[in-house]
Amino acid sequence: GTAPRTAIGQRKDGIVLFLVIDGRTLKYPGADMVDLTDIMERYGAYNAANLDGGTSSALVINGQLINDPINGSGKHATRPIPTGFILTK
């Protein structure tokens with residue numbers, strides 16, 4: 001079914017793709033695995049993986065959360081996670 005999703009992929013030119021999809025609202029219901037595959041292929045990924053979704057689907061840029069993670073109870077929140085991807089200059 002549809003849910004918040006996070007994925008990582010790589011194009012053949014070496015570019016790494018990060019994808020975070022909000023979900024659990026009428027405006028943003030999320031994505032299913034077919035949607036996720038279609039998006040990654042559209043951006044040229046030849047290798048991709050689905051990561052933990054739900055309230056683990058958080059995207060932070062310059063220290064600011066820019067998406068809206070919502071848990072199964074409808075609460076706008078994130079949760080502690082054991083791993084993440086960090087990009088630095």
Rounded to the nearest whole Å², what accessible area per residue is found for the chain with the 1.4 Å probe? 71 Å²
Give me the percent relative contact order of the stretch 41-89, please, defined on Cα pairs under 8 angstrom at least 6 residues apart. 26 percent
Accessible surface of the chain, 1.4 Å probe, proportion on carbon and sulfur as whole %: 54 percent
Residue by residue, what Karplus-based ³J(HN,Hα) values in Hz, rounded to whole numbers, does the stretch 63-80 have, using 6.51, -1.76 and 1.60 with θ = phi - 60° and x for Gly and Pro? x, 10, 5, 9, 10, 10, x, 10, 7, x, 8, x, 7, 7, 6, 10, 9, x
From a point 7 Å beyond the Cα of ARG11 in the direction of its Cβ, which residues of the stretch 40-64 have a backbone N at a distance under 20 Å? 40-50
Tell me the angle of helix 33-42 to the major Cα principal axis of the chain, expressed in degrees between 0 and 90 and rounded to the nearest ten. 40 degrees
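The values are calculated or read from the model by the stated rules, or taken from the named source; none is laboratory data. Just so it is clear, the structure is predicted and the values come from calculations on it, not from any experiment. Positions of Cβ are backbone-derived with ideal geometry, glycine not excepted, and every protein chain shown enters the neighbour counts. Only protein heavy atoms, including side chains, enter the accessible area calculation; ligands, DNA and RNA are left aside. Shrake-Rupley method; radii C 1.70, N 1.55, O 1.52, S 1.80 Å.
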